[in-house]
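Heads up: the structure comes next, in structure tokens.
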């Protein structure tokens with residue numbers, strides 16, 4: 001009987017201390033994090049998917065669809081993407097930034113179109129995409145970039161993709177590599 005009383009007393013005296021320790025481990029409401037004037041995601045996107053339905057070398061009708069999913073608790077809207085070619089045998093195929101499009105959803109399940117602005121830098125091999133109306137947390141967004149034509153050389157092409165939260169001095173979040181395979185056309 002006395003032993004039970006001691007355990008109950010010990011549990012009551014320790015429980016506030018345990019509650020204070022557990023509080024940081026409990027899920028907290030998400031909000032845009034601003035530290036020292038920079039904006040961060042609280043739960044950043046962590047990957048990018050790349051799809052192209054036309055993969056023959058030199059194809060002038062190619063489109064590249066980059067899809068990013070935002071966590072509902074991302075804490076900040078998506079303000080933009082940076083897409084940079086990091087590998088591939090052909091580094092001379094240009095993009096048409098004025099033909100860049102964006103929409104909610106995935107390539108085969110297109111939703112509402114959203115405004116997008118894009119710039120292309122040939123020397124850096126990168127397309128910078130900005131959303132004038134940032135994409136809300138919990139959304140899936142696809143950006144279609146249009147090369148003038150597919151690379152002329154078959155091979156594996158990698159694009160490094162970085163996400164930027166909407167806000168002052170956005171802190172970039174690398175999403176990893178997106179892989180595109182270009183094939184030699186079969187003219188049989």
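The values are calculated or read from the model by the stated rules, or taken from the named source; none is laboratory data. It should be emphasised that the depicted structure is a prediction, and the values quoted were computed from it without experimental measurement.
Of all the strands (runs of 3 or more DSSP E) wholly in the stretch 62-129, which have at least 2 residues that are under 16 Å from the mean Cα position of the chain (by Cα) and at pLDDT 95 or above?
Details: elements: 64-69, 78-87, 101-106, 109-114, 117-121.
Because the criterion is at least 2 residues that are under 16 Å from the mean Cα position of the chain (by Cα) and at pLDDT 95 or above, the strands (runs of 3 or more DSSP E) in the stretch 62-129 that meet it are 64-69, 78-87, 101-106.
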For the stretch 172-188, which residues satisfy the criterion of being modelled with pLDDT of 95 or more and part of a loop (DSSP other than H, G, I, E, B)? 172
